[in-house]
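Q: This is the structure, below, for whatever I ask next.
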Amino acid sequence: MATFLYRVGRWAFRRRRLVSALWLGLLVLVGVAAVMAPAGKEEELSMPGTESQRAFDLLDERFPQSNSQGAEARLVFRAPDGQRVTATENRATVADTLGSLDGGTQVASATDPYETGAVSEDGTIAYSTVTYTVDAVDLTESTKNALQAAADQARDAGLTVEIGGSALESEVALGGTTEIIGVVVAAVVLVLTLGSLVAAGLPLLTAFVGVAIGFGLIAALASPLGLTSTVSILALMLGLAVGIDYALFITSRFRDERALGREPEEAAGRAVGTAGSAVVFAGATVFIALVGLAVVGIPELTRMGLAGAGAVAIAVLVALTLVPALFALFGRRVLSRAARRADGAGASSAGTSVPAGSAAPTGANAPQPLTARQTIGTRWARFVLRRPLAVLVCAVIGLGAVAVPALSLELGLPGDESKPVTTTERRAYDLLSEGFGPGFNGPLTVVVDTASAANAGEARAATDLVMKTVREVDGVASAGEPVLSPDKDTAVLTAVPKTAPNSGETKDLVHDIRHAVAGVEAGTGAVVLVTGRTALNIDISEAMSDALVPYLTVVIGLAVLLLTVVFRSLLVPVKAALGFLLSVGAAFGVVVAVFQWGWAGDLLGVEQTGPVMSLMPILIIGIVFGLAMDYEVFLVARMREAYVHGASPGEAVVSGFRHSGRVVAAAAVIMTSVFAGFIGMANPTIQTMGVGLASAVAFDAFLVRMAIAPAVLALLGHRAWWLPRSLNRVLPNVDVEGQSLGRPVPAPATGGPDTQARLPVGGR
């Protein structure tokens with residue numbers, strides 16, 4: 001791999017204008033396609049195969065005139081203080097309001113609260129259910145405006161009116177102050193780390209190119225593939241973070257090679273051959289983990305994983321080709337001011353540069369780059385080497401303590417209750433809870449399929465028995481009369497729980513109802529299904545919980561296997577995998593503390609606590625796995641490089657921190673800042689993801705990779721790099737350290753004296 005990427009790096013350096021033009025052309029083509037493509041539509045979360053989803057499919061089949069998951073709005077009316085909504089003038093206002101919706105092209109019906117009994121016991125709150133013939137994503141702006149105008153009409157008459165349901169749900173905005181702050185922090189860190197505005201701007205420029213291309217592709221494919229705004233934001237988040245990091249690692253290695261006296265083209269080739277190999281491996285781990293999300297079986301999660309994987313793949317390609325091309329375009333400006341002065345002095349002295357096609361001295365006699373003096377990284381590494389056990393124990397106990405809240409992790413899907421109190425959906429939710437009880441916002445739909453009944457009498461008897469059974473289940477506040485399908489072979493009744501939709505009691509109630517009606521199914525032959533948004537959310541959450549451990553097992557197994565191939569060691573991969581578990585556990589602990597317990601909720605803008613978004617744990621695991629391997633590879637690869645060149649285990653650790661510690665720390669700060677920049681968004685999914693990923697990256701980079709990893713390596717000594725001979729013969733040699741670049745060989749056909757490649761040491 002190192003040999004191939006070495007050639008890629010040198011080719012991109014020589015063909016800088018061609019490479020830049022190709023990426024620019026691709027960016028323009030994708031941009032045009034995105035502008036011309038139809039806008040994507042937000043889709044309801046679904047999970048084929050669950051009972052609730054089977055019920056929705058059955059309703060669509062048996063009730064063709066309606067849409068089981070169609071748009072719905074609840075107009076909630078509250079009378080002024082001291083009045084009732086049943087007063088004559090208020091009844092007239094409500095009637096006029098609902099009448100203004102008649103004739104709407106997408107309106108199916110609007111119920112009269114006085115006829116349906118949708119008035120609270122104290123007479124102060126009433127609601128009307130407005131159903132539409134299309135899904136929420138297909139509602140036109142004129143339909144939404146008519147709904148808002150109807151509410152305003154009632155407000156002008158003195159009533160308090162709020163609108164709940166799915167009709168007004170909107171896409172998440174992609175821009176914001178906090179995201180910009182994250183990028184600004186990344187820019188500042190790059191300037192401080194690289195000491196050059198040009199060098200700092202290079203990773204940002206290439207990351208923006210990759211993100212723009214990925215974002216454009218998603219926009220172009222949004223309509224045919226059903227890609228939502230959440231998918232776009234995840235791709236933006238990942239593409240920006242890894243794009244900056246990957247370019248930073250290659251840029252840093254290029255500067256190190258230049259500091260050793262190598263010619264620019266040779267330095268670019270070696271940077272891509274070594275750091276680029278690590279980039280390919282790290283990007284591959286993120287890609288595999290994200291694509292693996294498809295095994296869960298949730299279409300939305302699959303799309304998020306594939307879009308994120310695509311963004312990472314683009315970031316890798318940009319780092320391997322566009323970055324070395326920009327090295328050639330920017331020239332010596334990529335180097336720091338001190339390095340430019342030294343480079344200029346070296347250019348005027350004979351024999352100071354290492355010619356292309358020759359290997360630089362290695363081991364203890366190798367010349368050190370300008371940055372090789374005692375740094376904070378090397379001092380920290382030597383501190384850990386002196387007290388490895390104390391550092392290990394403190395770090396593990398600290399992460400374990402932070403992870404304790406994760407034991408209370410509860411999964412769910414956010415509804416109107418999780419929205420800011422400034423939204424009309426949240427205020428409508430609160431009014432309905434106040435007037436009709438907390439369970440009213442999460443009704444359960446019980447579907448009775450009586451198609452197998454011999455006659456109408458048996459079908460009616462089965463339906464009545466189901467209704468009686470449901471009403472007797474403890475926790476059901478009320479159950480309405482059944483509604484029959486046109487063919488009289490399906491009945492639908494609504495059961496209102498006594499508890500809130502996301503409460504544990506409601507989850508238990510769904511299982512209790514399903515258990516209770518099982519006896520009816522056995523005795524009558526009818527098929528009874530429990531569905532509704534609340535039941536669907538519960539089914540998805542349970543499926544995610546069931547998939548969490550198998551997915552984590554696969555990810556950990558993959559990590560051990562890949563790291564064994566890269567580092568040709570057994571204990572280093574095990575250490576890396578266990579460290580990954582610690583960082584993920586601590587991140588889950590932070591998420592639970594913030595979003596379930598409300599710790600620092602005011603600071604982070606969390607207005608309502610509740611269960612954690614069902615998709616978050618498995619999504620965080622998939623993303624953090626790859627990012628954790630980034631830091632493991634970039635830091636430990638330099639340690640192994642020093643070790644195989646003759647350094648002692650302790651000095652190998654110091655060498656790794658000398659060459660990569662500062663860059664890894666900068667990359668971690670950048671990635672943490674980018675992820676944290678999304679915490680300020682109003683979307684609970686993105687907000688939770690931002691907190692989880694930012695904390696996971698910080699824990700993994702600074703505690704696991706920079707404290708636990710060197711401590712364990714110090715305690716293991718030479719045993720850390722042991723690999724049985726049988727495995728050594730079987731495992732492929734991916735050569736992340738670039739050992740194959742140690743000896744010149746004849747140049748490829750396109751070459752000249754400056755285009756020589758390398759073969760692996762030993763002639764393989």
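Q: Select, from T506, T463, the only residue that is more than 16 Å from G439 (Cβ to Cβ) and hydroxyl-bearing (S, T, Y). Talk me through it step by step, then tell me what you get.
A: Values: T506 fails: more than 16 Å from G439 (Cβ to Cβ).
Of the residues listed, the single one that is more than 16 Å from G439 (Cβ to Cβ) and hydroxyl-bearing (S, T, Y) is T463.
Q: Could you say whether any residue in segment 4-21 is modelled with pLDDT under 90 and not in a helix (DSSP H, G or I)?
A: There is no residue in segment 4-21 that is modelled with pLDDT under 90 and not in a helix (DSSP H, G or I).
Q: May I ask you to list the residues in segment 674-684 that are buried (at least 24 other Cβ atoms within 10 Å of the Cβ) and part of a helix (DSSP H, G or I)?
A: Answer for segment 674-684, where residues must be buried (at least 24 other Cβ atoms within 10 Å of the Cβ) and part of a helix (DSSP H, G or I): V674, F675.
Q: Please determine whether any residue of segment 58-80 is farther than 24 Å from L168 by Cα and among the hydrophobic types (A, V, I, L, M, F, W, C).
A: yes
Q: Return the residues of segment 644-665 that are of a type in the set (A, V, I, L, M), under 19 Å from R568 (Cβ atoms) and at pLDDT 85 or above; say none if nothing qualifies.
A: If the condition is that a residue be of a type in the set (A, V, I, L, M), under 19 Å from R568 (Cβ atoms) and at pLDDT 85 or above, then A647, A652, V653 are the ones that fit.
Q: Also, quick follow-up: Restrict the check to segment 516-537 and report whether at least one residue is at pLDDT 85 or above, surrounded by fewer than 21 Cβ atoms within 10 Å (Cβ to Cβ) and in contact with a helix residue (DSSP H, G or I) (Cβ under 7 Å, 6 or more places away or on another chain).
A: Yes, that holds for at least one residue.
Q: Another one. Residue check, N502 against (1) part of a helix (DSSP H, G or I); (2) in contact with a strand residue (DSSP E or B) (Cβ under 7 Å, 6 or more places away or on another chain); (3) not hydrophobic (A, V, I, L, M, F, W, C), all met but one. Which one?
A: (1)
Q: From F567, F580, F595, grab the single residue that is aromatic (F, W, Y) and closer than 17 Å to T672 by Cα. Walk me through how you get there before you give the answer.
A: Details: F567 fails: closer than 17 Å to T672 by Cα; F595 fails: closer than 17 Å to T672 by Cα.
Matching residue, one of F567, F580, F595: F580.
Q: Now for a different question. From R262, R303, R258, R270, which residue is touching a residue at least 12 places away in the same chain (Cβ under 8 Å), within 24 Å of N683 (Cβ to Cβ) and charged (D, E, K, R)?
A: Selected residue: R303, the only one of R262, R303, R258, R270 that is touching a residue at least 12 places away in the same chain (Cβ under 8 Å), within 24 Å of N683 (Cβ to Cβ) and charged (D, E, K, R).
Q: Can you tell me which residue is surrounded by the fewest Cβ atoms within 10 Å (Cβ to Cβ) among those in segment 257-284 that are more than 24 Å from I620 (Cβ to Cβ) and hydrophobic (A, V, I, L, M, F, W, C)? Give the steps one after another, and end with the answer.
A: Of the residues in segment 257-284, the ones more than 24 Å from I620 (Cβ to Cβ) are 257-277.
Now restrict to residues that are hydrophobic (A, V, I, L, M, F, W, C): 259-260, 267-268, 271-272, 275.
Numbers: A259: 22, L260: 19, A267: 27, A268: 33, A271: 29, V272: 33, A275: 33.
Going through the qualifying residues, I end up with L260.
Q: Shifting gears a bit: What's the number of the only condition in (1) over 17 Å from S52 (Cβ atoms); (2) within 41 Å of the chain's Cα centre (by Cα); (3) part of a helix (DSSP H, G or I) that V470 fails to meet?
A: For V470, the failing item is (1).
Q: Quick check on segment 442-464. Is at least one of its residues in a helix (DSSP H, G or I) and among the β-branched types (V, I, T)?
A: yes
Q: How many residues, within segment 629-640, are under 16 Å from A282 (Cα atoms) and modelled with pLDDT of 80 or more?
A: Total satisfying the criteria: 8.
Q: Okay, moving on. So T553 ticks every box in (1) touching a residue at least 40 places away in the same chain (Cβ under 8 Å); (2) closer than 30 Å to P724 by Cβ; (3) polar (S, T, N, Q) but one. Which box is left unticked?
A: It fails just one condition, (1).
Q: Could you say whether any residue in segment 245-252 is assigned by TED's automatic domain parsing to the domain that holds R332, in contact with a Lys or Arg (Cβ under 9 Å, 6 or more places away or on another chain) and part of a helix (DSSP H, G or I)?
A: Yes, the conditions are met somewhere in segment 245-252.
Q: Among residues belonging to segment 411-448 that are more than 17 Å from S503 (Cα to Cα) and among the hydroxyl-bearing types (S, T, Y), point out the one that is farthest from the chain's Cα centre (by Cα).
A: Ranking the candidates gives T445 first.
Q: Scan segment 721-743 for residues that are at pLDDT below 85 and surrounded by 14 or more Cβ atoms within 10 Å (Cβ to Cβ) and jot them down.
A: Selection gives L731, N733, V734, D735, V736, E737, G738, Q739, S740, L741, G742, R743.
Q: For residues in segment 594-612 being surrounded by fewer than 20 Cβ atoms within 10 Å (Cβ to Cβ) and of a type in the set (A, V, I, L, M), which is modelled with the highest pLDDT?
A: Let us first name the residues in segment 594-612 that are surrounded by fewer than 20 Cβ atoms within 10 Å (Cβ to Cβ), namely 596-605, 607-609.
When the remaining residues are screened for being of a type in the set (A, V, I, L, M), the result is 600, 603-604.
Values: A600: 83, L603: 79, L604: 78.
Among residues in segment 594-612 that are surrounded by fewer than 20 Cβ atoms within 10 Å (Cβ to Cβ) and of a type in the set (A, V, I, L, M), the one modelled with the highest pLDDT is A600.
Q: Can you tell me which residue in segment 221-256 is surrounded by the fewest Cβ atoms within 10 Å (Cβ to Cβ), limited to those that are of a type in the set (D, E, K, R) and either touching a strand residue (DSSP E or B) at 6+ places or on another chain (Cβ under 8 Å) or within 20 Å of V318 (Cβ to Cβ) (or both)?
A: Filtering first and then ranking leaves R255.
Q: Which one of these is within 30 Å of K488 (Cβ to Cβ), not aliphatic (A, V, I, L, M) and not assigned by TED's automatic domain parsing to the domain that holds G523: G415, G457, G398, G439?
A: G439
Q: Residue check: is L392 aliphatic (A, V, I, L, M), touching a helix residue (DSSP H, G or I) at 6+ places or on another chain (Cβ under 9 Å), surrounded by fewer than 19 Cβ atoms within 10 Å (Cβ to Cβ) and at pLDDT 85 or above? Can you show your working first?
A: Numbers: aliphatic (A, V, I, L, M): yes; touching a helix residue (DSSP H, G or I) at 6+ places or on another chain (Cβ under 9 Å): yes; surrounded by fewer than 19 Cβ atoms within 10 Å (Cβ to Cβ): no; at pLDDT 85 or above: yes.
Considered against the rule, which asks whether it is aliphatic (A, V, I, L, M), touching a helix residue (DSSP H, G or I) at 6+ places or on another chain (Cβ under 9 Å), surrounded by fewer than 19 Cβ atoms within 10 Å (Cβ to Cβ) and at pLDDT 85 or above, L392 comes out as no.
Q: Of everything in segment 419-441 that's in a helix (DSSP H, G or I) and hydroxyl-bearing (S, T, Y), which residue is surrounded by the most Cβ atoms within 10 Å (Cβ to Cβ)?
A: So the residue we want is Y429.
Q: In segment 671-691, is there at least one residue being under 27 Å from H718 (Cβ atoms) and in contact (Cβ under 8 Å) with a residue 12 or more places away in the chain?
A: Scanning segment 671-691, I find no residue that is under 27 Å from H718 (Cβ atoms) and in contact (Cβ under 8 Å) with a residue 12 or more places away in the chain, so the answer is no.
Q: Residues L635, L603, L578: which one is touching a residue at least 24 places away in the same chain (Cβ under 8 Å) and in the same structural domain as A395 (by TED's automatic domain parsing)?
A: L635
Q: With respect to L615, determine if the residue is surrounded by 23 or more Cβ atoms within 10 Å (Cβ to Cβ) and either farther than 28 Å from A313 by Cβ or not small (G, A, S) (or both).
A: yes
The values are calculated or read from the model by the stated rules, or taken from the named source; none is laboratory data. It should be emphasised that the depicted structure is a prediction, and the values quoted were computed from it without experimental measurement. Counting neighbours? That spans all protein chains shown, and the Cβs are built from the backbone with ideal geometry, glycine included.
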